[in-house]
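Peer 1: Before I ask anything, let me first share the structure, which is written out below as structure tokens.
The values are calculated or read from the model by the stated rules, or taken from the named source; none is laboratory data. No experiment lies behind these values; they were computed from the predicted model shown. Here the Cβ is made from the backbone with ideal geometry for all residues, glycine too, and neighbour counts use every protein chain on show.
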Amino acid sequence: MDDIREAVREKYAKTAIRLTADAGCCDSSCCGGNDAACGPIGEADYPSDELAQLGLTLGASLGCGNPTALAQLRPGETVLDLGSGAGLDVLLSARRVSPGGHAYGVDMTDEMLSLANENKAKAGVDNVTFLKGTIEAVPLPEASVDVIISNCVINLAADKQAVLAEAFRLLKPAGRLAVADMVEVEPLPPSVKARMDAWAGCVAGTIPVDEYSAMLRQAGFTQVDLEITQQYGPGEAGLPEGTGKIASAYIRAVKPIATAVEQHA
């Protein structure tokens, strides 16, 4: 697990440095840096006027969709982005939960946190806090968040069950999970699953849809819904030539108001 985390941290530290230097869009996306258009997967999901209001571009996104739209954020809510990267989704969320709400982002990479705070200053958004931490151990209290979002990050974690358990801990009763992530739709070769660069590239860490849904339910979530948005075969979206398919997906779930134990107490 430590090897996987270090491979991911190293890739995104380098990515943050390139983004800071305006080195172009290639590899600026976790999942889309190798496609023909050299743009992030999920680019069409971000309204251009929202980006213009923040003074940012899709170079500030490293994702595979737009979880801020999926989450249906409301004024006054507290939202947390797991693996917030350069901060685009946090900044968009902050605007949507204003007035009275707050947006947090957590990331383990110093270079990304620095870039996110630069983007925060550029956007002029105040109701935002970027925290250093891992998505398995977020430095926030239990039941302190209304909504958790994430954009192409949970697949990068070696222990996804720990990530989902942490998300459940952080959410208030009736809190919502709304993430964009990559999933496996046809088995990938063991040689690919073992490669550190394929882990960091949002390929090797993908899991099947049924397994993802089962993990969410095991963590305690209900109303689990997983929607495939686009599939990619060999040679696409960073997937090596050979066999197997991956896909971008929108994933929703809810923390119940009361647990089964509480309901029968």
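Residues are listed down the side, and each one gets a yes or a no for (1) under 18 Å from Glu211 (Cβ atoms); (2) surrounded by fewer than 19 Cβ atoms within 10 Å (Cβ to Cβ):
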{"position": "Ala162", "(1), (2)": "yes, yes"}
{"position": "Gly175", "(1), (2)": "no, no"}
{"position": "Val179", "(1), (2)": "yes, no"}
{"position": "Arg195", "(1), (2)": "no, yes"}
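Peer 1: May I ask you to list the residues in the stretch 194-209 that are touching a strand residue (DSSP E or B) at 6+ places or on another chain (Cβ under 9 Å) and assigned to a helix (DSSP H, G or I)?
Peer 2: Val209
Peer 1: Among (1) surrounded by fewer than 16 Cβ atoms within 10 Å (Cβ to Cβ); (2) modelled with pLDDT under 95; (3) under 30 Å from Leu73 (Cα atoms), where does Ala237 come up short?
Peer 2: Condition (1) is where Ala237 drops out.
Peer 1: Would you check which residues across the stretch 1-30 are surrounded by 18 or more Cβ atoms within 10 Å (Cβ to Cβ), modelled with pLDDT under 55 and either in contact with a helix residue (DSSP H, G or I) (Cβ under 6 Å, 6 or more places away or on another chain) or more than 16 Å from Asp89 (Cα to Cα) (or both) and list them?
Peer 2: Cys25, Asp27, Ser28
Peer 1: I'd like the full set of residues that are crowded, with 20+ Cβ neighbours inside 10 Å and outside any loop (DSSP other than H, G, I, E, B), limited to the stretch 210-234. Working first, answer last.
Peer 2: At the first step, the residues of the stretch 210-234 found to be crowded, with 20+ Cβ neighbours inside 10 Å are 212, 216, 219, 221, 232.
Residues satisfying the conditions are Tyr212, Leu216, Ala219, Tyr232.
Peer 1: May I pose another question? Only one residue in Thr134, Thr68 is under 14 Å from the mean Cα position of the chain (by Cα), within 21 Å of Leu170 (Cβ to Cβ) and crowded, with 24+ Cβ neighbours inside 10 Å. Which one?
Peer 2: Numbers: Thr134 fails: crowded, with 24+ Cβ neighbours inside 10 Å.
The unique qualifying residue is Thr68.
Peer 1: Do any residues in the stretch 155-181 that are in a strand (DSSP E or B) and of a type in the set (Lys, Arg) have Cβ atoms under 7 Å from those of residues that are buried (at least 21 other Cβ atoms within 10 Å of the Cβ) and at pLDDT below 95, where the two are at least six apart or on different chains, and which pairs are they?
Peer 2: Cβ pairs passing all conditions: Arg176/Ala71.
Peer 1: Next question. Return the residues of the stretch 137-151 that are of a type in the set (S, T, N, Q) and surrounded by 21 or more Cβ atoms within 10 Å (Cβ to Cβ); say none if nothing qualifies.
Peer 2: Hits for the stretch 137-151 are Ser150, Asn151.
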